[in-house]
Each structure stands twice: as C-alpha cells, then as structure tokens.
Amino acid sequence: MSARTIGVVMNGVTGRMGHRQHLVRSVLAINSAGGVALAGGGRVLLKPVLVGRNEAKLRELAAAHDIDDWTTDLGAALADPANEIYFDAQVTSARVGAVVQAIEAGKHVYAEKPTAESLEDAITVTKVARAAGVKNGVVQDKLFLPGLRKLRRLVEGGFFGEILSVRGEFGYWVFEGDWQDAQRPSWNYRAADGGGIVLDMFPHWHYVMENLFGTVEAVTARAVTHVPRRWDEAGEPYEATADDAAYGIFELSGGIVAQINSSWATRVFRDELVEFQVDGTEGSAVAGLRRCRVQHRSMTPKPVWNPDLPATEPFRGQWQEVPDNAEFDNGFKVQWEMFIRHVVEDAPFPYDFAAGARGVQLAEAGLLSSAEGRRVELTPIDFGTEA
C-alpha cells in the first residue's frame, strides 16, 4: 500500500529543541522508518516546510538535511493546501499569533508548551481551535520518557498502594555566558520575551502530575532570580528579569502532596537531571529520564537515626531496578506519531490545547503565589461550549 504524504509547516526549528527533537529525531526519523503506521493499514510520510525569521539559518538547516522547502513567509506556507499541519516551536512570546494564524488558515496545529504566556491567551487559542474544528495538540514529552513510562506502569499496577507524596528535583547549572557560553538561550532569562523557569517547567510538572497522580488543586510556590546578571549570545551583559529557580508545593486530588524544585542555578548531585520520588503505603519508587528503581514495603529496611556514627548502610543498593520490558522510542517521536494518527484517522489524543491551558494556569498560579506569598487554589477552566 502506498504511503500518503502530508506537508508539515515547522516554525521555530532553527532553535535547539525544534531542530534536534522535533525535526531530526521526530519528523525526519519518522520518514526514515517509512512513515507513521496507521491502524487501518498504510503509512503517512511527512514533508517538512521550514519557517523562521532568519533566512541564513533556514537555508543552512535545509541544506544540512536535504529539505527543499523553506521560507520566511509564514502566510505563504499556510496558504499551500498540501500543508495540512502547522507546528510551532518558536519563543513563547511569538506563539499565540502564529498559532491563531494557522488555525484561521484551516491547519491542524501541534505546538510546544507553554501554549501561551498567559491563561487568558491559552484559553483563547483553545476556543479558536475548537470553533474552527481543527485538531490541536501540545507537546507533553516527559510522559513518554522511559523512566516515567515505568513509573506509570507501577501506578497502574497498584504497586504503591495509597500514594502519599511526590518529590521532584530538576535542574542544572546554566552558565552565565561570560567565561563559559550559556547552554540555554538568553531569552529564557528575560520576562518580556516569555522567559522564566515557572512558565517553562510548571506546565511540564502539571501534565506529569495530572496524568500520573491526580488533579492539581492548589499551589504554594516561591520563584526567584538567583543569578541577576548574564551575558547574551553576542557576549553583551544583560539584566536577568525572569525567574531562574522555583520551589513549589502542589496539592493533588486524593490528598497527595507533591514538592518539586526547579532550578537553572544548581549543580547536579543526582543520577539524572530530573528525578521523582513517589512514596506510598506499599512501596516507593524513584524515576528519572530513563531509570526507575523501587523499594517495596516487604523489602524496606529499618534505619536507626544515630548522628554519632557514620552511616554504613548502602541505601541506594537497597533498591531494585524496574526492567524495561519494552523498547522505548524517542518520546518526542512517539507523541508526533500519535498526533499524526489523530489527524489522519481520528485516533485518541488527550494532550490538546485544553490540557496545555491547564499547564499555563498552574504556571500563572505559581507566579501569583510567589508574588503574594500565599496558597493559590486552582478551579476548573471554563472553555465555553465544547466542540
């Protein structure tokens, strides 16, 4: 059976994440594997059309990957009926306008998170997409990481008994850019450009908590800027106006309490850049990007607190490794395949713009909590009439 080809307008793929994970490791990797396999038989190939503001970068990127179509004119790319999907990986501040433009052009839309800088705008793009009747989705890549897929397996298998708490640690030291180049773009540290670790990471934590543990009902957070002066890509100093660390307590349905620290101003003393510890009445687990280790109630040691003697117990060695039991593909690629099936054959895809808006709601509530020094409750979002 011959494969069908769909044009995908990809805006913002000259950036690190858009290039590596979405273009190379997702869209091009899908084509190299013969396309997205459909449930009813047949396959779908993707024809990327690269869009951006920098003509030189686009030309270089297209040449590097033997891509024929690229343009700085988003409107022209959206006007082509062969291009059925629009993907957005731009800086957050540019996302809403481009997404609405694509929806109005009748395109199905897939976007990086957060879907907007504010809850108001996130609700707007959700309503616009629903009114237009286009398929829409937001990237929620961490759900498809091997470590969290193993953690989901434990949750669904009842391993934990009653889940009591979740503790997360995420972050690493991002160099200031003076004596060593920064490994994140400078816009991340400017509030006017949509920067800040709360807006970047709280939407991630929202979908992790929502999909694995329960609805987020309230947040108490403290957002700070630990490093106030940084140097941009041209080597020029600038004032960091966005938060680079956030410390949050999240209250979930069922009485679960989650504590997650996020920081670009910390040095890593963990096995992975992000780790979640889940404690339950029957067992505990620690999951990272790839690994997941457990300690069941029946195998839990009985440590005794004695500050007068050095600890000799091999605490890490008392945990067991959760086996893969499956082949784990790139998480971004897996979600791309899901969205393509959603567009082509209406397969389920729960990670829509409404889910993205809930993530933005948590980020906004976290910033409000930090600014006012109080606990903020989250209420269900009113999107109006369902599409």
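A few comments on the model shown:
- Test: residue in the stretch 306-320 that is in contact with a Lys or Arg (Cβ under 8 Å, 6 or more places away or on another chain) and surrounded by 10 or more Cβ atoms within 10 Å (Cβ to Cβ): yes
- The condition of being β-branched (Val, Ile, Thr) and touching a helix residue (DSSP H, G or I) at 6+ places or on another chain (Cβ under 6 Å) holds for only one of ILE163, ILE123, that being ILE123.
- If the condition is being within 22 Å of VAL208 (Cα to Cα) and in contact with a strand residue (DSSP E or B) (Cβ under 8 Å, 6 or more places away or on another chain), then the stretch 88-108 contributes ASP88, ALA89.
- Among the residues of the stretch 127-144, those identified as touching a residue at least 60 places away in the same chain (Cβ under 8 Å) and assigned to a helix (DSSP H, G or I) are LYS127, ALA129, ARG130, ALA131, ASP141, LYS142, LEU143, PHE144.
- Candidate set from the stretch 115-126 (those that are part of a helix (DSSP H, G or I) and among the aliphatic types (A, V, I, L, M)); member that is surrounded by the most Cβ atoms within 10 Å (Cβ to Cβ): ALA122
- Residue-level check: of (1) under 26 Å from SER253 (Cα atoms); (2) touching a Ser or Thr at 6+ places or on another chain (Cβ under 8 Å), ARG230 misses just (1).
- Beta carbons closer than 8 Å, at least 6 apart along the sequence or on distinct chains, pair a first residue in the stretch 225-241 that is over 12 Å from ALA182 (Cβ atoms) with a second that is of a type in the set (Lys, Arg) and not in a strand (DSSP E or B) for THR241/ARG190.
- Enumeration of residues in the stretch 156-190 that are within 20 Å of GLY359 (Cβ to Cβ) and part of a helix (DSSP H, G or I): TRP187, ASN188
- For the stretch 8-18, the criterion of being without any contact (Cβ under 8 Å) to a residue 40 or more places away in the chain, in the same structural domain as TRP336 (by TED's automatic domain parsing), buried (at least 17 other Cβ atoms within 10 Å of the Cβ) and closer than 22 Å to HIS108 by Cβ is met by no residue.
- The set of residues in the stretch 232-248 being assigned to a loop (DSSP other than H, G, I, E, B) and acidic (Asp, Glu) consists of ASP232, GLU233, GLU236, ASP243, ASP244.
- Sole exception among (1) in contact with a Ser or Thr (Cβ under 6 Å, 6 or more places away or on another chain); (2) assigned to a helix (DSSP H, G or I) for PHE383, by number: (2)
- Matching residues in the stretch 10-48 - criterion: being outside any helix (DSSP H, G or I) and of a type in the set (Ser, Thr, Tyr): THR14
- Which numbered condition LYS302 fails, given (1) free of Cβ contacts under 8 Å to residues at least 60 places away in the same chain; (2) closer than 20 Å to TYR86 by Cβ: (2)
Conditions tested, residue by residue: (1) of a type outside the set (Val, Ile, Thr); (2) at pLDDT 95 or above; (3) touching a Pro at 6+ places or on another chain (Cβ under 6 Å).
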| residue | (1), (2), (3) |
| --- | --- |
| VAL49 | no, yes, no |
| TYR86 | yes, yes, no |
| SER93 | yes, no, no |
| VAL96 | no, yes, no |
| HIS108 | yes, yes, no |
| ALA116 | yes, yes, no |
| THR124 | no, yes, no |
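- Unique match (being exposed (fewer than 14 other Cβ atoms within 10 Å of the Cβ) and either within 30 Å of LEU378 (Cα to Cα) or under 19 Å from the mean Cα position of the chain (by Cα) (or both)) among SER253, SER298: SER253
The values are calculated or read from the model by the stated rules, or taken from the named source; none is laboratory data. Please read all numbers here as calculations on a predicted model, not as lab measurements. Counting neighbours? That spans all protein chains shown, and the Cβs are built from the backbone with ideal geometry, glycine included.
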